[in-house]
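These notes concern the structure reproduced below.
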Amino acid sequence: MESISPKSVRTTCPYCGVGCGVLATREESGAIGIAGDPHHPANFGRLCSKGSALGETVDLDARLIEPQIDGMPASWDAALDLVADRFAETIREHGPDSVAFYVSGQLLTEDYYVANKLMKGFIGSANIDTNSRLCMSSSVAGHRRAFGSDTVPGTYEDLELADLIVLTGSNLAWCHPVLYQRIAAAKARRPHMRVVLIDPRRTMTADIADVHLKIKPDGDTALFVGLLGFLAAQGAVDRGYVDRHTSGFDAALAIAKSHDLRNISARTGLSPEELRDFFTLFTQTERCVTVYSQGVNQSTSGTDKVNAIINCHLATGRIGRPGMGPFSVTGQPNAMGGREVGGLANMLASHMHLEDEDHRQLVQGFWASPTIASKPGLKAVDLFNAVREGKVKALWIMATNPVDSMPEADLVVKALKACPFVVVSDINAATDTTCHAHVLLPAAGWGEKDGTVTNSERRISRQRPFLPLPGKARPDWWIITQVARRMGFAASFAYESPSQIFAEHAALSGTGNRGSRDFDISAHAAISGEDYDTLQPFQWPQGQGEPATEQRFFAEGDFYTQDRRARLVAVHPANDEATDPRHPFVLNTGRIRDHWHTMTRTGKSARLSGHFAEPFAEIHPLDAAEQGLGDATLVRLTNDHGTIIVRALLTDRQARSNVFVPMHWTGQFASKARVDTLVTANVDPVSGQPALKMAQVAVRPFQANWYGFAVMRVKPACVEDYWALARTKGGFRLELASCAEPEDWSAYAQQLFRTGAEVPLLAYHDHRQGQHRIAMFEGETLAGVLFVAREPVTVSRSWASEQLTRQFTDAHQRFQLLAGRPGKDMPDKGAIVCACFSVGKNEIAAAALSGSHTVEAIGKTLKAGTNCGSCRAEIRGIIDANIVKAAE
Ligand SMILES: Nc1nc2c(c(=O)[nH]1)N[C@H]1C(S)=C(S)[C@@H](COP(=O)(O)OP(=O)(O)OC[C@H]3O[C@@H](n4cnc5c(=O)[nH]c(N)nc54)[C@H](O)[C@@H]3O)O[C@H]1N2
Ligand SMILES: Nc1nc2c(c(=O)[nH]1)N[C@H]1C(S)=C(S)[C@@H](COP(=O)(O)OP(=O)(O)OC[C@H]3O[C@@H](n4cnc5c(=O)[nH]c(N)nc54)[C@H](O)[C@@H]3O)O[C@H]1N2
Ligand code: SF4
Ligand SMILES: [Mo]
């Protein structure tokens with residue numbers, strides 16, 4: 001492993017698929033310095049709020065640092081032997097398809113490569129699927145239908161060169177913030193550039209959009225089918241390109257012609273005028289990029305949506321040229337690398353096809369493997385069903401948390417409970433998934449591991465270690481190869497470093513390729529350890545002997561189908577889902593700015609937890625009124641799969657009859673907020689990707705007998721009907737609500753703060769009003785303070801949280817704390833908007849009211865928005881709201 005130097009290490013952010021370069025420095029004090037790498041072509045020095053806060057997430061608190069068998073510490077030898085023996089025994093008794101791996105786009109390419117090689121080439125099953133099934137598989141399937149290969153044709157530069165950017169089903173401002181900032185900067189330089197946002201919600205991304213089309217959920221196929229018809233009617237089809245390089249145009253157009261504007265309007269929920277304006281803009285703007293992500297992919301019609309979009313680009317020949325093309329932005333840091341190694345159950349390594357006999361032979365020959373999977377394996381949803389039904393008897397989960405992220409998530413719990421042998425490799429000891437493992441394997445995390453990732457624009461970058469491996473943690477590739485060796489495949493898994501795995505992966509990509517496959521990085525087939533250490537970010541393809549280039553695909557056709565032509569796919573608009581009158585709301589789910597998935601890392605950062613400290617449901621104010629919900633009341637969302645309880649957030653950004661709930665809150669952070677317990681496991685028939693944006697729920701208020709808010713130094717254990725826990729500087733903050741009232745509030749507080757009975761407490765009780773306030777101090781510092789009321793507690797959260805870092809030297813200060821109001825010297829900041837400088841909503845509003853009317857002016861007064869810039873859209877929203885308020 002590379003030695004750890006005190007100097008900056010060039011590495012890559014482990015969060016989203018933008019793949020920003022990071023300079024990480026381990027200071028003498030042990031603190032971690034994080035900065036954007038000015039030379040990395042994805043971000044040129046920029047980082048978003050999550051990237052900037054990376055240093056706060058690498059501590060060893062809650063880390064898994066030694067192997068465990070049945071909850072007891074074990075040696076590596078014992079754990080690895082057990083995993084190898086149980087997998088081998090299960091295969092012997094029940095065949096190769098009785099075992100499975102469920103892996104992740106957060107593995108590095110080298111980890112992913114050996115996992116796939118072990119399963120497909122040596123175990124001889126294709127039962128390896130990945131969380132990318134929930135993420136990118138509709139894009140993969142759409143690419144393969146259209147191009148014959150899973151190719152992203154364009155580059156990030158296209159986003160800056162385009163005259164029109166269509167963002168559909170993508171909340172770029174929060175989910176790919178650095179790309180969003182690159183577009184915002186390009187738009188400032190080239191003011192004629194237009195941005196159209198297509199999303200049922202008015203997200204923060206609307207801030208750079210000239211037009212927001214509030215589409216009906218799943219209206220996208222209809223919209224792009226309508227666009228194809230319009231393009232043809234306007235004579236905007238590039239006949240030359242279509243004739244030379246594509247097939248299927250007539251059939252696709254025939255469907256488009258059968259839907260008039262009125263019909264498309266009904267299916268999309270957009271007015272004929274809105275449609276005509278958008279279609280005209282698209283028709284007239286040659287340099288156009290259509291960016292899409294989960295609002296497109298995570299749908300029962302996801303693959304059709306992808307092809308409907310690609311059809312419009314093929315029909316106009318707007319693909320592979322500067323500033324033009326369909327652009328699937330990937331979610332995870334290595335979603336693309338996983339696709340390159342063939343980590344999905346229906347793919348083979350190096351973008352080869354599992355169903356192609358020649359490809360199978362080629363891969364088997366290259367690996368010199370005893371066997372090769374000959375049929376697709378189980379896709380994620382089917383895989384967990386097979387586990388539950390006892391067909392899969394040994395399962396190894398790596399770098400993903402399916403108990404929280406799979407649809408019908410409680411069935412995943414059932415499956416894991418029913419499974420005779422579950423192995424989980426993770427970096428954290430306690431997740432909702434690790435507690436079901438028979439064997440827990442401690443993986444190396446970001447900052448410790450060494451390898452490569454590929455970002456959304458096909459750029460391969462190094463992740464390099466700058467921290468020592470903690471305890472007994474080991475890199476995923478090492479763990480997998482150790483098991484492979486113990487299963488009898490030592491010679492084929494004899495790697496001693498990730499560079500050797502990368503070299504093999506590169507060599508395979510060039511083997512028998514000769515231009516027949518898009519993925520080729522054989523220029524690196526003989527890479528040495530030293531060259532790997534200094535490898536600069538590069539884009540594929542880069543074949544044997546070729547220099548690194550930044551090339552686009554398909555400007556001159558030459559697709560990867562048999563006849564080298566692209567296919568326009570004849571897609572039909574999706575039919576409206578029948579609504580179930582018992583569950584009249586569409587449940588849309590997704591992401592917020594400062595959390596990553598199941599919060600196992602971002603949940604450690606106080607800065608990132610201050611933006612939204614609680615799970616919530618966005619609901620339109622009129623719907624809320626109809627359902628008897630006020631702002632900040634608790635809401636219960638229910639359907640036949642389950643129930644969650646979260647905070648109501650009333651906003652007209654949300655469409656009527658829709659609610660939006662973030663995917664992030666787990667059983668580790670809240671009592672009942674695992675939103676995937678409500679999501680039906682309906683999948684796209686082509687890709688197998690679940691429709692995670694389209695559950696149906698009933699919405700009701702949750703009435704508790706008491707509500708509480710507390711901050712405390714030590715992590716509490718909670719049992720109430722509703723609780724939600726978040727990190728704050730110096731400790732934790734906790735929201736509470738319950739039907740059952742404790743008999744003794746002081747004893748309750750003591751338990752909550754985990755203090756001894758001898759710690760003196762300060763209390764205020766009004767039993768008739770149901771108000772209680774209890775504080776405990778250890779010396780001059782606060783151990784905890786609890787506020788209880790019959791209605792949701794109104795005390796300022798940010799102010800109360802700050803009390804944990806203050807000294808209480810006199811009695812007056814302590815009484816003031818119980819008054820629950822900030823003193824004059826401690827204004828209430830409100831929810832944290834700027835995570836970098838901890839600037840709250842109230843501070844920004846106050847500055848706006850006293851004359852700072854631009855984001856720049858706010859930056860000058862408060863510094864807010866001047867570092868990573870991820871909050872600039874929100875700052876603008878607050879300024880606008882307050883200027884209006886001032887004018888009223
Ligand atoms: N902050 C943050 N960033 C992340 C992540 C994270 O956890 N946190 N995760 C990363 C990962 S793995 C991924 S996959 C990406 C996801 O990135 P995005 O796809 O941008 O994020 P989502 O919030 O899942 O969904 C995007 C939008 O789709 C909209 N939508 C829902 N239904 C429809 C529909 O029928 N049509 C259209 N047009 N839109 C619809 C939703 O309202 C939502 O605003 O983000 C990556 N970046
Ligand atoms: N309702 C709903 N559900 C969704 C989505 C949605 O939009 N809505 N989005 C879906 C999408 S797009 C995605 S990508 C998934 C994401 O869902 P998951 O993959 O389940 O979420 P993560 O929290 O990223 O899980 C990663 C796990 O790996 C661990 N880990 C981190 N680094 C390493 C490492 O280096 N090695 C190992 N072995 N472990 C590591 C973390 O501690 C964590 O437990 O969720 C999907 N589920
Ligand atoms: S945009 Fe943010 S989360 Fe994504 S790679 Fe860059 S710094 Fe990381
Ligand atoms: Mo994802």
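The values are calculated or read from the model by the stated rules, or taken from the named source; none is laboratory data. Because the structure is predicted, anything quoted here is derived from the model rather than measured. Cβ placement follows ideal geometry from the backbone for every residue including glycine, while neighbour counts extend to all protein chains displayed. These accessible areas exclude ligands, DNA and RNA; they are computed on the full protein's heavy atoms, side chains included. Shrake-Rupley method; radii C 1.70, N 1.55, O 1.52, S 1.80 Å.
Can S170 be described as open to solvent by less than 10 Å² (accessible area, probe 1.4 Å), within 16 Å of ligand 2 (Cβ to nearest atom) and in a helix (DSSP H, G or I)?
no
Examine the range 151-159 for a residue that is open to solvent by 10 Å² or more (accessible area, probe 1.4 Å), out of contact with any Ser or Thr (no Cβ under 8 Å at 6 or more places or on another chain) and of a type outside the set (S, T, Y), and state whether such a residue exists.
Yes, the conditions are met somewhere in the range 151-159.
Run A186 past the list (1) open to solvent by less than 10 Å² (accessible area, probe 1.4 Å); (2) within 16 Å of ligand 2 (Cβ to nearest atom) and report the number of the one that doesn't hold.
(2)
Residue-by-condition table, conditions (1) within 16 Å of ligand 4 (Cβ to nearest atom); (2) free of Cβ contacts under 8 Å to residues at least 40 places away in the same chain:
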{"position": "A162", "(1), (2)": "no, no"}
{"position": "L167", "(1), (2)": "no, no"}
{"position": "N171", "(1), (2)": "yes, no"}
{"position": "R201", "(1), (2)": "no, no"}
{"position": "D207", "(1), (2)": "no, no"}
{"position": "H212", "(1), (2)": "no, yes"}
{"position": "G226", "(1), (2)": "no, no"}
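Mind checking which residues of the range 565-582 are loosely packed, with under 14 Cβ neighbours inside 10 Å and farther than 21 Å from A252 by Cα?
If the condition is that a residue be loosely packed, with under 14 Cβ neighbours inside 10 Å and farther than 21 Å from A252 by Cα, then A578, T579, D580, P581, R582 are the ones that fit.
Can you find a residue in the range 599-608 that is part of a strand (DSSP E or B) and within 12 Å of ligand 1 (Cβ to nearest atom)?
No, the range 599-608 contains no residue that is part of a strand (DSSP E or B) and within 12 Å of ligand 1 (Cβ to nearest atom).
Counting only residues that are touching an Asp or Glu at 6+ places or on another chain (Cβ under 9 Å) and open to solvent by 70 Å² or more (accessible area, probe 1.4 Å), which one in the range 511-564 is modelled with the lowest pLDDT?
E550
Mind checking which residues of the range 38-65 are open to solvent by less than 10 Å² (accessible area, probe 1.4 Å), part of a loop (DSSP other than H, G, I, E, B) and more than 16 Å from ligand 2 (Cβ to nearest atom)?
If the condition is that a residue be open to solvent by less than 10 Å² (accessible area, probe 1.4 Å), part of a loop (DSSP other than H, G, I, E, B) and more than 16 Å from ligand 2 (Cβ to nearest atom), then H40, A42, N43 are the ones that fit.
Given A655, A625, A578, A632, which one is more than 24 Å from I215 (Cβ to Cβ) and part of a loop (DSSP other than H, G, I, E, B)?
A632
Test G105 against the stated conditions and say whether it is part of a loop (DSSP other than H, G, I, E, B), over 24 Å from D533 (Cβ atoms) and in the same structural domain as I480 (by TED's automatic domain parsing).
In short, yes.
Looking only at the range 583-597, count every residue that is more than 9 Å from ligand 1 (Cβ to nearest atom) and in contact with a helix residue (DSSP H, G or I) (Cβ under 9 Å, 6 or more places away or on another chain) and tell me the total.
2
Tell me which residues, restricted to the range 3-30, are more than 16 Å from ligand 2 (Cβ to nearest atom), touching a strand residue (DSSP E or B) at 6+ places or on another chain (Cβ under 9 Å) and not in a strand (DSSP E or B).
Of everything in the range 3-30, those that are more than 16 Å from ligand 2 (Cβ to nearest atom), touching a strand residue (DSSP E or B) at 6+ places or on another chain (Cβ under 9 Å) and not in a strand (DSSP E or B) turn out to be I4, S5, P6, K7, S8, C20, E27.
Can you tell me which residue within the range 324-359, out of those that are more than 16 Å from ligand 2 (Cβ to nearest atom) and of a type in the set (D, E, K, R), is least open to solvent (accessible area, probe 1.4 Å)?
For the range 324-359, the residue satisfying everything is E340.
One residue is enough: does the range 383-390 have a residue meeting the conditions over 22 Å from V140 (Cβ atoms), crowded, with 24+ Cβ neighbours inside 10 Å and not hydroxyl-bearing (S, T, Y)?
Yes, the conditions are met somewhere in the range 383-390.
Search the range 583-605 for residues being under 19 Å from P407 (Cβ atoms) and away from ligand 4 (no atom under 16 Å from the Cβ), and hand back the single one that is surrounded by the fewest Cβ atoms within 10 Å (Cβ to Cβ).
H583
Would you mind stating whether L568 is in contact with a Phe, Trp or Tyr (Cβ under 6 Å, 6 or more places away or on another chain) and at pLDDT 95 or above?
Considered against the rule, which asks whether it is in contact with a Phe, Trp or Tyr (Cβ under 6 Å, 6 or more places away or on another chain) and at pLDDT 95 or above, L568 comes out as yes.
Sort through Y112, Y15 and tell me the only one that's more than 16 Å from ligand 3 (Cβ to nearest atom) and crowded, with 16+ Cβ neighbours inside 10 Å.
Y112
Could you grab me the full set of residues in the range 785-802 that are in a loop (DSSP other than H, G, I, E, B), open to solvent by 50 Å² or more (accessible area, probe 1.4 Å) and over 20 Å from E743 (Cβ atoms)?
Those that are in a loop (DSSP other than H, G, I, E, B), open to solvent by 50 Å² or more (accessible area, probe 1.4 Å) and over 20 Å from E743 (Cβ atoms): E791, T794.
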